[in-house]
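The values are calculated or read from the model by the stated rules, or taken from the named source; none is laboratory data. Please read all numbers here as calculations on a predicted model, not as lab measurements. Positions of Cβ are generated from backbone atoms using ideal geometry, with glycine treated the same way; all protein chains shown enter the neighbour counts.
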Amino acid sequence: MSLKARLITLFVIAFGACIILNGPQILVYLIAQAAISGTFITMCLKKEREIIAKQNQADAATE
(Lines give C-alpha, C1' and ligand atoms only; values in the text may rest on other atoms or scores of the structure.)
Protein backbone atom coordinates (compact mmCIF):
# COMPACT_ATOMS: atom_id res chain seq x y z
CA MET A 1 0.00 0.00 0.00
CA SER A 2 1.43 3.36 -0.98
CA LEU A 3 1.98 6.23 1.41
CA LYS A 4 -0.86 8.16 -0.23
CA ALA A 5 -3.31 5.29 0.26
CA ARG A 6 -2.27 4.82 3.90
CA LEU A 7 -2.66 8.52 4.70
CA ILE A 8 -6.05 8.74 3.02
CA THR A 9 -7.26 5.59 4.81
CA LEU A 10 -6.13 6.96 8.16
CA PHE A 11 -7.87 10.27 7.48
CA VAL A 12 -11.14 8.60 6.45
CA ILE A 13 -11.16 6.44 9.59
CA ALA A 14 -10.46 9.44 11.84
CA PHE A 15 -13.08 11.56 10.05
CA GLY A 16 -15.74 8.85 10.41
CA ALA A 17 -14.92 8.25 14.07
CA CYS A 18 -15.28 11.96 14.86
CA ILE A 19 -18.70 12.13 13.22
CA ILE A 20 -19.89 8.99 15.03
CA LEU A 21 -18.64 10.19 18.42
CA ASN A 22 -19.61 13.86 18.19
CA GLY A 23 -22.56 14.03 15.83
CA PRO A 24 -23.09 16.23 12.77
CA GLN A 25 -22.44 19.55 14.56
CA ILE A 26 -18.72 18.79 14.46
CA LEU A 27 -18.64 19.05 10.63
CA VAL A 28 -17.31 22.64 10.57
CA TYR A 29 -14.33 21.61 12.67
CA LEU A 30 -13.81 18.51 10.55
CA ILE A 31 -13.81 20.51 7.32
CA ALA A 32 -11.07 22.73 8.75
CA GLN A 33 -9.20 19.62 9.86
CA ALA A 34 -9.58 18.15 6.37
CA ALA A 35 -7.85 21.21 4.91
CA ILE A 36 -4.98 20.80 7.37
CA SER A 37 -4.76 17.07 6.69
CA GLY A 38 -4.80 17.67 2.95
CA THR A 39 -1.87 20.03 3.32
CA PHE A 40 -0.02 17.44 5.42
CA ILE A 41 -0.70 14.69 2.87
CA THR A 42 0.56 16.95 0.07
CA MET A 43 3.74 17.71 2.00
CA CYS A 44 4.33 14.00 2.71
CA LEU A 45 3.87 13.07 -0.93
CA LYS A 46 6.22 15.85 -2.05
CA LYS A 47 8.88 14.63 0.39
CA GLU A 48 8.37 11.04 -0.77
CA ARG A 49 8.93 12.13 -4.40
CA GLU A 50 12.10 14.01 -3.39
CA ILE A 51 13.48 10.94 -1.59
CA ILE A 52 12.71 8.68 -4.55
CA ALA A 53 14.37 11.15 -6.94
CA LYS A 54 17.51 11.21 -4.76
CA GLN A 55 17.56 7.42 -4.61
CA ASN A 56 17.21 7.23 -8.39
CA GLN A 57 20.09 9.70 -8.83
CA ALA A 58 22.25 7.67 -6.46
CA ASP A 59 21.39 4.47 -8.32
CA ALA A 60 22.20 6.08 -11.67
CA ALA A 61 25.53 7.35 -10.34
CA THR A 62 26.60 3.88 -9.18
CA GLU A 63 25.88 2.27 -12.56
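Got at least one residue in segment 29-47 being in contact with a helix residue (DSSP H, G or I) (Cβ under 9 Å, 6 or more places away or on another chain), of a type in the set (D, E, K, R) and either surrounded by 10 or more Cβ atoms within 10 Å (Cβ to Cβ) or without any contact (Cβ under 8 Å) to a residue 40 or more places away in the chain (or both)? So that I can check it myself, show each step before the final result.
Taking segment 29-47 and keeping what is in contact with a helix residue (DSSP H, G or I) (Cβ under 9 Å, 6 or more places away or on another chain), we get 29-30, 33-34, 37-38, 40-41, 44-45.
Still in the list and also of a type in the set (D, E, K, R): none.
Within segment 29-47 (the criterion being in contact with a helix residue (DSSP H, G or I) (Cβ under 9 Å, 6 or more places away or on another chain), of a type in the set (D, E, K, R) and either surrounded by 10 or more Cβ atoms within 10 Å (Cβ to Cβ) or without any contact (Cβ under 8 Å) to a residue 40 or more places away in the chain (or both)), the answer is no, since none of the residues qualifies.
Give the residue that is nearest to residue 3 (Cα to Cα), with candidates limited to residues of segment 13-61 that are among the hydroxyl-bearing types (Ser, Thr, Tyr) and at pLDDT 80 or above. Give the derivation first.
Filtering segment 13-61 for residues among the hydroxyl-bearing types (Ser, Thr, Tyr) gives 29, 37, 39, 42.
When the remaining residues are screened for being at pLDDT 80 or above, the result is 37, 39, 42.
Working: 37: 14, 39: 14, 42: 11 Å.
Looking at residues that are among the hydroxyl-bearing types (Ser, Thr, Tyr) and at pLDDT 80 or above, I get 42.
Would you be able to tell me the number of residues in segment 1-28 that are more than 18 Å from the chain's Cα centre (by Cα), of a type in the set (A, V, I, L, M) and exposed (fewer than 12 other Cβ atoms within 10 Å of the Cβ)?
The initial filter retains those residues of segment 1-28 that are more than 18 Å from the chain's Cα centre (by Cα), namely 19-28.
Filter again for of a type in the set (A, V, I, L, M), leaving 19-21, 26-28.
Those still in the list that are exposed (fewer than 12 other Cβ atoms within 10 Å of the Cβ) too: 20-21, 28.
Counting residues in segment 1-28 that are more than 18 Å from the chain's Cα centre (by Cα), of a type in the set (A, V, I, L, M) and exposed (fewer than 12 other Cβ atoms within 10 Å of the Cβ) gives 3.
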